[in-house]
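Below: one structure, written as structure tokens.
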Number of protein chains: 2
Amino acid sequence: MDIYGGKVHRLIEELSSLPGIGGKTAQRLAFHIINLPGDRAKQLADAIVDAKQNTRYCKSCYTVTDGDLCPICASGKRDHKTIMVVESPRDLAAYERTGRYTGVYHVLHGVINPALGIGAGDIRLKELILRLEKEDCEELIIATGSSVEGEATAMYISKLVKPSGIKTSRIASGVPVGGDLECIDEVTLMRALDGRIIL
Amino acid sequence: MDIYGGKVHRLIEELSSLPGIGGKTAQRLAFHIINLPGDRAKQLADAIVDAKQNTRYCKSCYTVTDGDLCPICASGKRDHKTIMVVESPRDLAAYERTGRYTGVYHVLHGVINPALGIGAGDIRLKELILRLEKEDCEELIIATGSSVEGEATAMYISKLVKPSGIKTSRIASGVPVGGDLECIDEVTLMRALDGRIIL
């Protein structure tokens, strides 16, 4: 039996279709939205439509933004000769939160994953190569994830870029800060050992 | 630095204002919404506005619905002489999921909570009393939660209803099914013991 009537039910269904939102969370969110004061629900709805309709990919690094260039690519304060290759805008955001990196980015929107049928042509790799040909890049930091696919994509890019002579680096793998050694898998520990730094 | 531009940023902020949605989840949801195909984002936005604008309280039980009466109060298949008093539409939904209860409900929209300044006049208690005067109720099941406030509200309602002679019951407290005895607090264990059933 539909206990709320169609409109509440439809909102709960729409919310449940979002990633990581199960039935009970969707119900909780729906009641919260229904009880929002005044225009707040309308504001949320407008933000959804506005973001969906007006965002596009940065013409240079392909992150999600609302202008031609994202704020990072448009900034004169960033080092445009250092490019960090990341899998997604969320990875870009994670590195930005460190506040340490001053270069620019290139967002692949995925990694090569033959099991899922994602080839080199399905991610923004051609755009990276074109960019490296046009721009004066001094270092390319490959920061794809440490999954099998992330590693394979990093290797692929590094081989592809090698003939150009551009310095290419890979982010370090190892023990996470504050991690309990006992809880860390053997592959990570091996990497941590291989990548040890002489003090 | 605002790394995405205003529109994505605004959507992330709107999503973060929802209960239980932190910054990282909001970011994940925002990118999901931006990448939704075709009209799906618009559909989500429409469902929000539609549910907000067109839901009201059932005239009989005060649950959230979109007609004058909720589907349960409007149903001829339910036992309208048994009324279960619950705190919220979500509690109503929880009892409906059991599929066992065939009576109707009354939604209080809260419990009496002097610490938060919520008195008997702030919940739908007057409406319950008026309903009991008008309708032919045989049993009132008080299913407010087992918090201190839920218990106090249950006691308050039971005293209020007593003069009318209507049979009043309270849902059982005890050990949850599948619960590990070791992990259950003493008050619940005491209740389970007091409410034991002779086999």
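Annotations for the structure displayed:
- Amide hydrogen proximity for A:THR168: with H placed 1.01 Å from N in the peptide plane, the residues at 5 or more positions away or on another chain lying under 5 Å are A:LEU140.
- By the rule of a C-alpha distance below 18 Å, with chain neighbours fewer than 8 residues away ignored, the aspartates and glutamates paired with A:LYS162 are A:GLU127, A:GLU133, A:GLU135, A:ASP136, A:GLU138, A:GLU139, A:GLU151.
- Debye intensity ratio in log₁₀ form over the Cα atoms of the protein assembly as shown, taken at each q of 0.10 Å⁻¹: -0.85
- Candidate aspartates and glutamates - alpha carbon under 19 Å from A:LYS134, same-chain residues fewer than 8 apart omitted: A:ASP68, A:ASP79
- Annotation: amide H of B:ILE112 within the under-5 Å range of B:THR153, sequence separation 5 or more or interchain, hydrogens built in the peptide plane.
- Take every pair of alpha-carbon atoms less than 8 Å apart whose residues are at least six positions apart; their mean separation over the length of the stretch B:31-171 yields a relative contact order of 19 percent.
- Percent carbon-and-sulfur accessible area, chain B, ignoring ligands, DNA and RNA, probe 1.4 Å: 55
- Rounded accessible area per residue of the protein assembly as shown, 1.4 Å, Å²: 55
- Solvent-accessible area of A:LYS42 with every protein chain in place, 1.4 Å probe, in Å² to the nearest 10: 90
- P(r) histogram, all alpha-carbon pairs of the stretch A:1-129 included - 5 Å bins from 0, percent: 2, 9, 13, 15, 13, 12, 12, 11, 8, 4, 1, 0, 0
- Greater than 30 Å apart at Cα, pairs in A:LYS59/B:LYS42; A:LYS7/B:LYS81; A:LYS52/B:LYS59; A:LYS77/A:LYS126; B:LYS52/B:LYS167: A:LYS52/B:LYS59; B:LYS52/B:LYS167
- Counting Cβ atoms of other protein chains within 10 Å of each residue's Cβ and taking the mean over peptide B:174-186 gives 0.
- Diffusion coefficient of the stretch A:6-54 by Stokes-Einstein, Kirkwood radius over Cα pairs, 4 °C, 1.567 mPa s: 113 µm²/s.
- Positive end of the dipole of the protein assembly as shown (Cβ unit charges, origin at the Cα centre): among A:THR144, A:SER16, B:PRO114, the Cα lying farthest that way belongs to A:SER16.
- Using the Cβ-Cβ distance between B:LEU193 and B:ARG97 with R0 set to 25 Å, the FRET efficiency works out to roughly 0.35.
- Helix-only mean residue ellipticity at 222 nm for chain B, each DSSP H run of n ≥ 4 adding -39500 (n - 2.57), per residue, nearest 500: -13000 deg cm²/dmol
- Across B:ARG97, A:ARG40, the residue with the most accessible area heads the list, and the full order at a 1.4 Å probe is B:ARG97, A:ARG40.
- Accessible area that becomes buried as B packs against A, both chains, 1.4 Å probe, Å², nearest 100: 5300
- DSSP assigns beta bridges within chain A; of those with both partners inside it, close to 20 percent run antiparallel.
- Gained length - B:LYS126 relative to B:LEU160, 0.36 nm times residue gap less alpha-carbon distance: 11.2 nm
- Note on A:ALA172 and A:ALA152: with the Förster distance fixed at 22 Å, the Cβ-Cβ geometry gives a FRET efficiency of about 0.75.
The values are calculated or read from the model by the stated rules, or taken from the named source; none is laboratory data. Fair warning: this is a prediction, and the values are worked out from it, not measured in the lab. Don't worry about glycine lacking a Cβ; one is built from the backbone with ideal geometry, like all the others, and counts go over all protein chains shown. Remember, those area values only see protein heavy atoms, side chains included, never the ligands or the DNA or RNA. Shrake-Rupley method; radii C 1.70, N 1.55, O 1.52, S 1.80 Å.
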